[in-house]
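Notes for the one structure printed next.
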Number of protein chains: 2
Amino acid sequence: MDAVFRALADPTRRQLLDNLHARNGQTLNALCAEMDMTRQAVTKHLAILEEANLVTTLRKGREKQHYLNPVPINEIAERWIGKFERHRLDALSDLKKRLERED
Amino acid sequence: MDAVFRALADPTRRQLLDNLHARNGQTLNALCAEMDMTRQAVTKHLAILEEANLVTTLRKGREKQHYLNPVPINEIAERWIGKFERHRLDALSDLKKRLERED
DNA sequence: TTAATATGCAACCATTTGGTTGCATGTCAA
DNA sequence: TTGACATGCAACCAAATGGTTGCATATTAA
């Protein structure tokens, strides 16, 4: 669990998760294309995400595919938000989004 | 949003949130009593939690009460977990907990 | 087989982070 | 008013972090 928070602490790693959320199964080079840093730096970030079990990889020949795993993120919410409180927050968030859309 | 992840990255700050989750509205000194570091260090951590809007404070005379705000944590889950997927994950998590309890 | 492509590993460096100590300020109670 | 208590602010320091460059390995395609 500790590793999950450490992994989410960095904006680059959150962007990687965003990229995978948008298109799952991307290869290292594909992910690098959207990042403004060296491939080696991205590799390090992905290693940290893997260690936190937020990303799972699958080797295909010389390529490596990366997949987002949402389970640990769900566990974060469960740590500090009671079940009923969570439903209330979701409802509030929904309302807020709907109101914003009306502008 | 950036500040939230930074705030959650540190184990001491997560413990502070746990303490507040257990008993809300605690004063600085009360929180310090459970931590193994100087008051000044705890103050810094609380400032970071406040900046992230994870903790709200209320001055009462010479004391300062601290309250947990769960809203930003809920927003984390909403970022990478689709609404339906989340219900599925909650159900899975419930099942797991129930099975663990049977041992 | 050989050249190009995809990824892996390690040493190095600037900056950030989390802790300390020391002193200042503000509020309550005698 | 004065002493005790609760908190605030700043300088300083060791360790962790995020990036780089350079080189190694493994797979595909010509």
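The values are calculated or read from the model by the stated rules, or taken from the named source; none is laboratory data. Since the structure is predicted, the reported quantities are computational estimates derived from the model, not experimental observations. FYI the Cβ positions are ideal-geometry reconstructions off the backbone, even for glycines, and counts take in every protein chain you see. Accessible surface areas use protein heavy atoms only, side chains included; no ligands, DNA or RNA. Shrake-Rupley method; radii C 1.70, N 1.55, O 1.52, S 1.80 Å.
Is it true that some residue in region B:74-82 is within 14 Å of another protein chain (Cβ to nearest Cβ), touching a residue at least 12 places away in the same chain (Cβ under 8 Å) and crowded, with 16+ Cβ neighbours inside 10 Å? Yes, there is a match, as at least one residue in region B:74-82 is within 14 Å of another protein chain (Cβ to nearest Cβ), touching a residue at least 12 places away in the same chain (Cβ under 8 Å) and crowded, with 16+ Cβ neighbours inside 10 Å. Among the candidates A:42, A:55, A:71, the residue that is within 17 Å of residue B:79 (Cβ to Cβ) and either near DNA strand D (Cβ under 10 Å from one of its atoms) or crowded, with 17+ Cβ neighbours inside 10 Å (or both) is uniquely A:55.
Determine, yes or no, whether residue A:92 is farther than 14 Å from residue A:13 by Cα, part of a helix (DSSP H, G or I) and either open to solvent by 80 Å² or more (accessible area, probe 1.4 Å) or hydrophobic (A, V, I, L, M, F, W, C) (or both). Answer is yes for this residue. Taken together, the residues in region B:1-33 that are in contact with a helix residue (DSSP H, G or I) (Cβ under 7 Å, 6 or more places away or on another chain) and among the small types (Gly, Ala, Ser) amount to 3. Just one of the numbered conditions (1) open to solvent by 90 Å² or more (accessible area, probe 1.4 Å); (2) touching a Pro at 6+ places or on another chain (Cβ under 8 Å) is not true of residue B:101: (2).
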